[in-house]
Structure formats: structure tokens, C-alpha cells
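Structure first, then comments.
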Amino acid sequence: MAKSKSKISLSSLTKSNIWALDENELYQLLMEGKHEVGYSENEAHYMNIIRPVFDLQHLNRDDAKKVAALESQHYQIFHSPNDGDNNAIAIRKRPIKRITDLTLENIRHLSALEVLDLIRNNMDTGWNGLPLHIQDIIESMFFVDNTTMPEKMMHRKGGIIDKRKEDGYDVLELLRGTWVEAIFLKPKPKYEKMHFESSGSMSLDLGDDDEQDDDDDDDTDLPDDDRDEDIDDMDDEEPDEGYGHYVDETTLDELVGAEDSDD
């Protein structure tokens with residue numbers, strides 16, 4: 001999972017940058033935050049941000065049975081100031097295990113390979129089997145290309161997989177009988193934003209994790225200049241019965257000439 005480059009404080013914590021923290025970093029944040037003015041008044045607000053991402057439990061560290069049970073559940077145990085009978089805090093970050101765990105906040109902190117692994121583990125549904133809102137979440141941060149074709153054509157030298165990898169895409173391949181579905185993901189660039197201050201000066205903003213760029217939807221179309229030739233005609237080749245689509249997203253223009261090349 002990608003890490004945030006800027007220092008996060010408790011007062012700057014948001015539903016997006018919370019995903020950039022691990023258990024130790026959150027613990028340090030909480031310990032530092034307890035000394036901030038206004039912590040008590042804002043504690044409920046902080047917990048509303050933290051608890052959807054981290055599980056927290058207060059405990060007495062002298063209770064060896066309780067400590068062992070929490071550690072077996074992948075909690076990390078930290079010392080905390082005495083609070084009644086408690087002198088420790090257990091913290092566990094909730095993993096993103098399923099494709100349906102994706103949100104507009106946490107997708108910003110995942111790599112293309114991590115997202116492809118979630119798709120792989122989604123009951124072999126492929127790209128078109130994902131709920132539309134999940135596709136929208138993924139496309140908010142990644143360029144997506146998806147195609148299905150015979151395995152031999154998919155893996156031919158200089159074919160679509162080689163071209164996409166050269167363009168910086170990661171690929172997931174799913175078998176569809178004797179055909180292969182390929183899902184390609186590539187992170188979208190973070191654009192620099194210019195802000196004009198009231199004094200007339202200009203400042204540079206490299207992008208905030210919590211701001212959803214309005215221009216994201218304009219970037220989802222892939223460039224057409226790499227859609228070269230790969231195969232003359234695929235009409236005689238049909239996917240195995242039971243597989244619904246044959247070429248999705250990628251046009252056949254990219255495939256013209258493969259049979260001639262194979263000859």
C-alpha cells in the first residue's frame with residue numbers, strides 16, 4: 001500500500017489519509033494528539049475517522065490471556081497512560097480483502113497490482129463482472145483497458161501485452177477456456193494545481209488526497225495511437241461456449257495483421 005509523503009497530524013487526519021498510516025504511526029499520532037489543545041472536544045470526530053480503518057481496544061497489559069488473544073488476531077499492543085484499569089491499547093488495521101472493500105478514499109493508497117489481486121480473487125468475474133460503482137472507483141485513480149482474445153494472440157511477441165507493459169500498465173490474465181481475458185491498470189498522474197491567493201500571489205498545489213479531481217472522468221479514455229495491427233480477421237475464431245464477451249474495450253484495429261505475422 002502506498003505511503004503518504006507528507007507528515008500527518010491528528011488535526012489534519014481525514015478519511016483518505018488515514019489509509020496511509022500503519023498501526024505504529026497511528027499510535028504515535030494518538031499519543032501526540034492527547035497533548036494537543038482541544039483533544040477532548042474533538043476526540044469523537046477523530047474516532048469517526050479512525051474506526052472505519054482501525055480496530056482499537058483498551059486493555060490491561062497485565063492480563064496475559066487477553067494480550068495473547070489479541071495478538072493472535074493480529075493486533076499490535078502498545079503502552080498507553082493509565083485509564084482506570086487499562087494501561088495499554090491494541091490496534092489492528094483492517095485489511096482490504098475484497099473488491100467490495102474499495103472506496104474512493106482507500107483506492108488512492110493502493111497500487112495497480114494490489115487492485116488487480118482484488119479483481120483476481122473476486123470469483124473469477126473479470127472486469128465486466130464488477131459492480132459499476134466499483135469500476136467507477138477503480139477508474140477514478142487508474143487507466144483501465146480490458147480485452148479477451150485467443151491465448152496465442154494474447155501472448156504473441158509484440159502483441160497487446162507487450163505493448164501495454166511498455167506503456168507502464170500492470171496486467172491480470174484470466175483464463176476463459178482457450179481464450180484469455182486481460183485486464184490492464186495504470187495509475188493516473190496527479191496533476192499540479194495552481195491556486196491564486198487574495199493578495200494576487202500564486203501557490204502550487206501538488207494535489208490533496210482528499211480532493212476528488214473533477215477532471216478524472218476526462219482522463220479515462222485511452223490513447224488511440226498505440227492501437228496497431230495484430231490480426232487480420234477473428235471472425236472464424238469464437239470463444240468457448242459459456243463466455244459472454246469476445247473483445248471488450250480494445251478495438252479490433254489493434255489486432256489486424258497477426259495471422260500474416262504468424263505465417
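The values are calculated or read from the model by the stated rules, or taken from the named source; none is laboratory data. All of these numbers come straight from a predicted model, not from anything done at the bench. Cβ sites come from the backbone with ideal geometry, for glycine too, and all protein chains shown count toward neighbours. Note: accessible area is taken over every heavy atom of the protein model, side chains too, but ligands, DNA and RNA are not part of it. Shrake-Rupley method; radii C 1.70, N 1.55, O 1.52, S 1.80 Å.
At a 1.4 Å probe, what is the % contribution of carbon and sulfur to the accessible area of segment 1-159? So the carbon and sulfur contribution to the accessible surface is 50 percent.
Mean separation of Cα pairs under 8 Å and 6 or more residues apart, divided by the residue count, gives segment 25-179 a relative contact order of 16 percent.
Comparing segment 53-141 with the 2.2 N^0.38 Å rule of thumb, its C-alpha radius of gyration ratio is 1.50 (two decimals). Using the Cβ-Cβ distance between residue 163 and residue 73 with R0 = 45 Å, the FRET efficiency computed as 1/(1 + (r/R0)^6) comes to roughly 0.50. Given a 1.4 Å probe and the protein chains as shown, residue 151 ends up with an accessible area of around 90 Å².
The residue 56 and residue 124 beta-carbon pair, evaluated with R₀ = 41 Å, returns a calculated FRET efficiency of approximately 0.70. In order along segment 139-152, the Karplus-derived 3J(HN,Hα) couplings, from 6.51 cos²θ - 1.76 cosθ + 1.60 at θ = phi - 60°, round to 6, 5, 10, 9, 6, 10, 10, 9, 8, 10, 7, x, 4, 4 Hz, and Gly and Pro are given as x. Basic side chains Lys and Arg get +1 at the Cβ, acidic Asp and Glu get -1 at the Cβ, and with that the dipole of segment 1-110 about its Cα centre reaches some 580 debye. Contact order, relative form, for segment 9-107: 31 percent (alpha carbon pairs under 8 Å, 6 or more residues apart, mean separation divided by residue count). The equivalent ellipsoid of segment 34-93 has semi-axes of 23, 15, 7 Å, largest first, where each one is the square root of 5 times an eigenvalue of the Cα gyration tensor.
In this simple spin-label approximation, residue 66 and residue 39 carry label points 7 Å from Cα along the Cα→Cβ vector, and these lie 2.1 nm apart.
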